[in-house]
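Student: Quick one: the structure is below, questions incoming.
The values are calculated or read from the model by the stated rules, or taken from the named source; none is laboratory data. As the structure is a computational prediction, the values presented were derived from the model and not from experiment. Don't worry about glycine lacking a Cβ; one is built from the backbone with ideal geometry, like all the others, and counts go over all protein chains shown. The accessibility values were calculated without ligands, DNA or RNA, using every heavy atom of the protein model including side chains. Shrake-Rupley method; radii C 1.70, N 1.55, O 1.52, S 1.80 Å.
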Amino acid sequence: MTTPPPGFTFTFDGEPVPARSGQSVAAALIASGRRSWRHTRTEGRPRGVFCGIGVCFDCLVTVNGRPNHRACLVEARPGDTVSTQEGAGHDDLAC
Amino acid sequence: MTTSRAERPAALYDIAVLGGGPAGLSAAVAAAAQGSRTVLIDAGPRPGGQYWRHRDGDDGALHHGWSQFRRLRQELAAHPLLDHRAGHSIWHVERTDEGFTTHTTHTGHTSRDGIPRALRSRTVIVATGAYDRQLPFPGWTIPGVFTAGAVQALLKGQGVLAGKRIAVAGTGPFLLPVAAGLVGAGATVVGVFEAGLPTAFGRHPVAALRNLPKLAEGAGYLRTLLKHRVPYRTRTAVIAAHGTDTVTGVTVARLDDQWRIVAGGTREIDCDTVAVGYGFTPQTEIPLQLGCEMMLDADGSLIARVDSRQRSTVDGVYVAGEACGVGGAQLSLIEGELAGLHAAYASNGPSVDRGRLARLVRQRAAQRAFAAAMHQAYPVPDGWQTWLEKDTTVCRCEEVSAGAIREAVDDLGATDPRAVKLYARPGMGLCQGRVCGYATTCLVARANHRQPTADDLRGMAARPVAQPVTLGALAAGADDNGS
Ligand SMILES: Cc1cc2nc3c(=O)[nH]c(=O)nc-3n(C[C@H](O)[C@H](O)[C@H](O)COP(=O)(O)OP(=O)(O)OC[C@H]3O[C@@H](n4cnc5c(N)ncnc54)[C@H](O)[C@@H]3O)c2cc1C
Ligand code: FES
């Protein structure tokens, strides 16, 4: 089988989350039993992964203070500070 | 592989291949082997696309055709005329006097924010693939409802199970490998709920016989499900998911041939996860940006129209793989190779290998016949619209309900999805209608007592900026063909 890549941790809303090298933030969060890390702007509903491949933008998360990362695409790195995102912050984006 | 700017100054490639799945990989490798200076541009950190999604150090145990992938990957890494730009998300492709400029933002080890890049080429081959097609239903926004592809990508690309007790639902042959993969990895699959009643093999014996390996693959998945006692139910759908912060169960219903709920045929099933998909939607924003003629495929998807050489209706733009019709990885590989060869023949004129072309054209015909049979076997009739409540979310980004879409038609007089988009905002969020475009189009067409058209779909699919790009990245401008 596949040799497991080396492990490390990052924090999510202050709590440590284990991850493996090359793993996405979303995969590590799901593996740790978490399902959602964003609340929608209008109805305040929880969201996590839906499409898993960067298409739906449901999984937006704040990484090291910067919002709007797609957790299903961004690879976790040792020491990252990941936190829940409120809304979908269009402000910074050109679409 | 990636070459530094100092080593290789800004250059004009003969061919830029956009997308590195089966179609893009085989196109790029074929073109470079014919002597064309080629660049493969892909958003992923590793080549392979959706089909060969893998982890570093992956031994391919979960994959079909892994040795073929390794050969292509080896060529991609080693061929002196072939550059690979991984982590490049394409947001716009522009026509220029010399050909095309592909604008990307690059994320990698040094930056996660996306550094702007521009790559110039005489010709482009669009191989951007497809993603899961979705139908809304009550509760589909609850965390724990995933696309079937997401569950597959988590398993194959990340080694993570999406849940413990999983309902697999939707329509199409893709549900089988997803369910088989899950039980193989130790999850409990509470059932595979196939809304259709596939009968293709009876009605299309020739197409089926020509594709025996594919059928054998399907039979293998069915055997796995049988061994693990996973129920496989046809004409059955997950019509609602329950829970608040996470899924706790689903309602499953028997359907008639139009996918309306059969009275007395519903029941509740406990589960923590739903994997759902109703076929695939081709990723067509680049052909749309370039003005390529589009058409409606047999599965109701908007696709780029191509000729026998995989040429679109715009000079210098080829399209291969699922962006010009959903048909599985084998068809994508064949179309990619044909596109790569023809683009190379047209750009630097090596002598044409007629035998190879003839073989590829034959294979493509067989695979396309199989794909057409599949589309006929797994239609999506519009009875799913009766599963929706007034307050069921259709557009997940802007949280637009089925009722709001209906009001835009009934009260405001909207006759097409574009007008509904302006009145009620479905498709105006960050995903730009990728997820709700198909459903919104079907809802609006039916409310207007007609069938969806290619124009309707185009109204929800045009995206001048294909991928989000920060204002900062735009302002910074782009350098030329650097790595
Ligand atoms: C999530 C998912 C999982 C799947 N899993 C399986 C499976 O396990 N088994 C199976 O038989 N079939 C599977 N399929 C179907 C299968 O992937 C397709 O049949 C096949 O991959 C099509 O090949 P392709 O080359 O046409 O496109 P793809 O494989 O989809 O490749 C397209 C490539 O283009 C890239 N791309 C698209 N847009 C951009 C852009 N704007 N900028 C940069 N890059 C871009 C994508 O990142 C991707 O790498 C899956 C599909 C999906 C969506
Ligand atoms: S889950 Fe859809 S973009 Fe990440």
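Student: Which one, A:Ala71, A:Thr84, A:Gly14, is farthest towards the positive end of the dipole of chain A when Lys and Arg carry +1 and Asp and Glu -1 on their Cβ?
Tutor: A:Ala71
Student: Follow-up. In segment B:103-138, what residues drop by 50 Å² or more of accessible area when the other protein chains are put back, versus the chain on its own? Use 1.4 Å, and skip ligands and nucleic acids.
Tutor: Residues meeting the cut-off: B:Arg112, B:Asp113.
Student: Here's a follow-up. Rounded to whole Hz and in sequence order, give me ³J(HN,Hα) for segment B:447-453 from the Karplus expression 6.51 cos²θ - 1.76 cosθ + 1.60, θ = phi - 60°, writing x for Gly and Pro.
Tutor: 3J(HN,Hα) across segment B:447-453, in whole Hz: 4, 9, 6, 8, 8, x, 10.
Student: To continue, here is another question. At a 1.4 Å probe radius, carbon and sulfur cover how many percent of the accessible area of segment B:330-483?
Tutor: On segment B:330-483, the fraction of accessible area on carbon and sulfur atoms equals 50 percent.
Student: Relative contact order, percent, of chain B when contacts are C-alpha pairs under 8 Å separated by at least 6 residues?
Tutor: Working: 1080 pairs, mean separation 97.4, N = 483.
Contact order relative to length: 20 percent.
Student: To the nearest 100 Å², how much accessible surface do chains A and B cover up together, summed over both, with a 1.4 Å probe?
Tutor: 4100
Student: Let me ask something else. Amide H to amide H, which residues 5 or more places from B:Thr273 or on other chains are under 5 Å from it, using H placed in the peptide plane?
Tutor: B:Arg165, B:Ala167
Student: Would you mind telling me the antiparallel percentage of the DSSP bridges in segment B:134-278, rounded to 5?
Tutor: Antiparallel: roughly 40 percent of the beta bridges in segment B:134-278.
Student: Can you compute the equivalent ellipsoid semi-axes for the protein assembly as shown, i.e. the square root of 5 times each eigenvalue of the Cα gyration tensor, sorted largest first and rounded to whole Å?
Tutor: Its equivalent ellipsoid spans semi-axes of 34, 28, 25 Å.
Student: Considering every residue in A:58-66, what mean count of other chain Cβ atoms within 10 Å of its Cβ is obtained?
Tutor: The shielding value for this peptide is 2.
Student: Evaluate the charge dipole of chain A about its Cα centre and quote only its size in Debye, nearest 20, assuming +1 on the Cβ of each Lys and Arg and -1 on the Cβ of each Asp and Glu.
Tutor: In debye, rounded to 20, chain A gives about 220.
Student: Let me ask something else about it. Other chains near A:72-83: what is the mean number of their Cβ atoms within 10 Å of each residue's Cβ? Provide the component values of the computation, followed by the final result.
Tutor: Working: counts 5, 7, 2, 6, 0, 2, 0, 0, 1, 0, 0, 0.
Partner Cβ neighbours, averaged per residue: 2.
Student: Shifting gears a bit: Using the Karplus curve 6.51 cos²θ - 1.76 cosθ + 1.60 with θ = phi - 60°, work out ³J(HN,Hα) for each residue of segment B:432-439 in order, rounded to whole Hz, and write x for Gly and Pro.
Tutor: Each residue's phi maps through the Karplus curve to give 6, x, 4, 7, 9, x, 5, 5 Hz.
Student: Within the protein assembly as shown, what percent of beta bridges assigned by DSSP are antiparallel, to the nearest 5?
Tutor: 55
Student: Put +1 on the Cβ of every Lys and Arg and -1 on every Asp and Glu Cβ in chain B; which of B:Val192, B:Gln152, B:Gly220 then has its Cα farthest towards the positive end of the dipole?
Tutor: Checked the options; the winner is B:Gly220.
Student: Would you please give the residues with an amide H less than 5 Å from that of B:Tyr131, counting only those at least 5 places away or on a separate chain, with H modeled from the backbone geometry?
Tutor: B:Thr281, B:Gln283
Student: Looking only at chain B, where both bridge partners belong to it, what percent of the DSSP beta bridges are antiparallel (to the nearest 5)?
Tutor: Once the DSSP bridges in chain B are tallied, antiparallel ones form about 50 percent.
Student: At a 10 angstrom cut-off on C-beta neighbours, averaged per residue, how do the peptides B:239-246, B:338-345, B:424-431 rank from highest to lowest?
Tutor: Peptide ranking by packing, descending: B:338-345, B:424-431, B:239-246.
Student: Compute the distance in nm between two label points, each set 7 Å from the Cα along the Cα-to-Cβ direction, one at B:Asp410 and one at B:Arg362.
Tutor: Here the modelled spin labels are 5.8 nm apart.
Student: Enumerate by residue number the trypsin sites (Lys or Arg not before Pro) in segment B:149-195 meeting two conditions: DSSP loop (anything except H, G, I, E, B), and at most 15 other Cβ atoms within 10 Å of the site's Cβ. Walk me through the intermediate numbers first.
Tutor: Values: sites: B:Lys156, B:Lys164, B:Arg165; in loops: B:Lys164.
Loop-located and lightly packed - B:Lys164.
Student: Grab chain B and count how many Lys pairs have their alpha-carbon atoms under 24 Å apart, sequence gap of 8 or more, or different chains.
Tutor: Close lysine pairs found across chain B: 6.
Student: List, in order, the whole-Hz ³J(HN,Hα) value for each residue of segment B:70-87 obtained from phi through the Karplus relation with A = 6.51, B = -1.76, C = 1.60 and θ = phi - 60°; use x for Gly and Pro.
Tutor: Karplus values, whole Hz, x for Gly and Pro: 4, 4, 5, 5, 4, 4, 4, 6, 9, 5, x, 8, 10, 9, 10, 10, 7, x.
Student: Within chain B, what's the longest stretch lacking GluC sites (Glu not before Pro) that sit in DSSP loops with no more than 14 other Cβ atoms inside 10 Å?
Tutor: With GluC sites (Glu not before Pro) excluded where exposed in loops, chain B gives B:99-292 as its longest stretch.
Student: If the chain between B:Arg446 and B:Arg223 were fully stretched, how many nm would it gain, using 0.36 nm times the residue separation less the Cα-Cα distance?
Tutor: Details: separation 223, 0.36 × 223 = 80.28 nm, distance 3.92 nm.
Between B:Arg446 and B:Arg223, full extension yields an extra 76.4 nm.
Student: Could I ask something else about it? Taking every residue in B:50-59, how many Cβ atoms of other protein chains lie within 10 Å of its Cβ, on average?
Tutor: On the way: counts 1, 0, 0, 2, 1, 9, 7, 6, 4, 3.
Averaged over the peptide's residues, the number is 3.
Student: Same structure again: If each residue of separation counts as 0.36 nm, what is the full-extension length gain between B:Arg267 and B:Asp56 once their alpha-carbon separation is subtracted?
Tutor: Roughly 71.7 nm would be gained on extension.
Student: Also, quick follow-up: I want to check the label-to-label distance for B:Leu422 and B:Gln376. Put each point 7 Å from Cα in the C-beta direction and report it in nm to one decimal.
Tutor: Distance between label points: 4.1 nm.
Student: What's the angle, to the nearest 10 degrees (0 to 90), between helix B:212-227's Cα axis and the longest principal axis of chain B?
Tutor: Approximately 40 degrees, to the nearest ten.
Student: If you don't mind, another one. Suppose every Lys and Arg Cβ carries +1 and every Asp and Glu Cβ carries -1, with no other charges. What dipole size does the protein assembly as shown come out with about its Cα centre, to the nearest 20 debye?
Tutor: Using Cβ point charges on Lys, Arg, Asp and Glu, the protein assembly as shown gives about 1500 debye.
Student: Give, in nm to one decimal, the length gained when the segment between B:Ala298 and B:Ala77 is fully stretched (0.36 nm per residue of separation minus the Cα-Cα distance). Working shown, then result.
Tutor: On the way: separation 221, 0.36 × 221 = 79.56 nm, distance 3.70 nm.
This chain segment gains 75.9 nm when fully extended.
Student: For the pair B:Ser67/A:Asn64, report the inter-label distance in nm, with labels modelled 7 Å from Cα in the Cβ direction.
Tutor: Inter-label distance under the simple model: 4.3 nm.
Student: Accessible area per residue for chain B in Å², computed with a 1.4 Å probe and the full protein assembly in place, what is it?
Tutor: 39
Student: Sticking with this structure for a sec: Please state the charge dipole magnitude for chain B, taken about the Cα centre, from unit charges on C-beta atoms (+1 on K and R, -1 on D and E), reported in debye and rounded to the nearest 20.
Tutor: 1300
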